[in-house]
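Structure first, commentary second.
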Ligand SMILES: Nc1nc2c(c(=O)[nH]1)N[C@H]1C(S)=C(S)[C@@H](COP(=O)(O)O)O[C@H]1N2
Ligand SMILES: [Mo]
């Protein structure tokens with residue numbers, strides 16, 4: 001079988017730079033407009049603002065990593081300024097300063113794919129034939145077209161979606177998988193219907209215990225029989241009044257990368273239970289056991305473990321609520337600031353199933369904390385905006401730290417929280433550097 005394991009772009013580079021360069025130059029996947037033109041010696045020097053020793057040794061057609069990370073032509077079409085972590089499947093995160101909007105624009109929303117986007121997602125007309133089936137522990141199995149789905153009451157909510165692996169890059173020893181830093185999170189406005197209205201219409205049996213969601217994306221092996229990912233939640237979470245079956249993101253039909261024409265949004269839980277390209281809901285009388293539901297996937301140890309240890313699968317539990325977390329979205333890290341003026345900063349905070357109760361900032365490595373101004377969320381599960389103003393006591397290099405506290409009093413840790421085999425749930429504080437002059 002031509003099974004291709006998921007492998008990061010930079011990992012591939014290390015193993016076979018030329019082959020990787022050739023693969024990523026497939027124009028259908030990534031735009032490389034002008035790259036060849038710009039790769040002339042002079043253009044590269046200008047781009048880096050410095051000498052590039054040994055440039056003549058650079059293999060033909062090879063993109064220097066710094067160039068690939070920074071060049072605006074090296075992008076996923078429709079995504080603006082995102083950092084590409086992997087191109088097959090596509091995974092890209094948003095630098096914090098590009099998450100400044102209250103509602104994350106589609107062009108700035110991270111993408112996490114475990115498989116390949118189904119070709120139908122690029123064909124608008126495919127929505128007309130799309131069918132969502134609901135079966136399992138229901139009295140009336142349903143086959144719904146999108147038109148039929150649209151007869152249920154329409155709702156729109158701002159919902160935070162964060163990948164369970166956001167922050168993975170912070171763990172030591174390092175953990176395999178996409179090396180997300182801070183930006184696998186976004187809060188978009190989803191439009192659609194409530195999962196609970198649809199499930200009720202199917203006549204849930206009293207045995208209904210868990211959902212199993214299926215999407216139309218294609219396994220990396222190309223084998224149509226293999227399911228990329230199929231996850232679900234306890235029936236109570238599916239019946240939560242904010243769990244949606246959505247067809248709109250920010251007032252427009254979902255884009256191909258975000259699950260066109262239909263997706264689940266399960267706010268407050270790992271993004272992996274927000275199934276994209278949704279075509280089946282299997283209501284089950286046992287915990288769902290689809291791909292990436294079992295073993296170590298989206299699970300953490302039931303007890304704290306030493307970093308780097310092996311944990312038996314039986315000692316792992318499914319991640320439910322995401323932990324309290326926040327970002328500084330303005331200003332960008334490594335800026336310069338005039339001592340004579342107040343330093344204004346802002347960002348967002350969120351807390352999974354909980355709400356954010358308080359937000360604080362510090363500029364002396366956590367000795368003293370200043371209370372930030374924190375807004376209520378637009379609706380439950382929307383991230384909360386905060387802002388603060390500081391006056392630095394002198395010139396010099398500062399770090400500004402931001403710390404959210406949730407409604408139960410839990411705070412973001414200063415250091416990376418408990419290591420776990422797959423590197424989930426890193427909610428350490430976001431820090432930015434500022435040079436005050
Ligand atoms: N069908 C399908 N749904 C999926 C995935 C996927 O690979 N296939 N990835 C999941 C994961 S792990 C995350 S974090 C979110 C990301 O949603 P986004 O790409 O819209 O940001 O989608 C989830 N839904
Ligand atoms: Mo994820």
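Ordering 99-107, 238-246, 396-404 by mean Cβ neighbour count within 10 Å, with the highest value first, yields 238-246, 396-404, 99-107. Residues 419, 277 in ascending order of nearby Cβ atoms (within 10 Å, fewest first): 419, 277.
Beyond 26 Å, what share of the Cα-Cα pairs of region 88-318 remains, rounded to the nearest whole percent? Here the long-distance tail beyond 26 Å is 37 percent of all Cα pairs in region 88-318.
Each of 328, 432 has some number of other Cβ atoms within 10 Å of its Cβ, and from fewest to most they run 432, 328. Averaging Cα coordinates gives a centre for region 229-284 and one for region 316-367; these two points are 27 Å apart. Relative to the current alpha-carbon distance between residue 225 and residue 416, full extension at 0.36 nm per residue lengthens the span by 64.9 nm.
When a/c is below 1.5 the answer is rounded, else prolate if a/b is larger than b/c, else oblate, so apply that to region 221-271 with a ≥ b ≥ c taken from the square roots of the Cα gyration tensor eigenvalues. The shape class here is oblate. Our summary gives region 325-436 a relative contact order of 34 percent, counting only alpha carbon pairs under 8 angstrom and 6 or more residues apart. Projecting label points 7 angstrom from Cα along Cα→Cβ for residue 407 and residue 314 puts them 3.7 nm apart.
When each of 299, 200, 112, 151 is scored by the number of other beta-carbon atoms lying within 10 Å, the sequence from fewest to most is 151, 200, 299, 112.
Every read-out reported here was derived from the displayed coordinates using simple, explicitly stated rules and does not represent laboratory data. Just so it is clear, the structure is predicted and the values come from calculations on it, not from any experiment. Quick reminder, even Gly has a Cβ in these numbers, built from the backbone with ideal geometry, and neighbours come from all protein chains shown.
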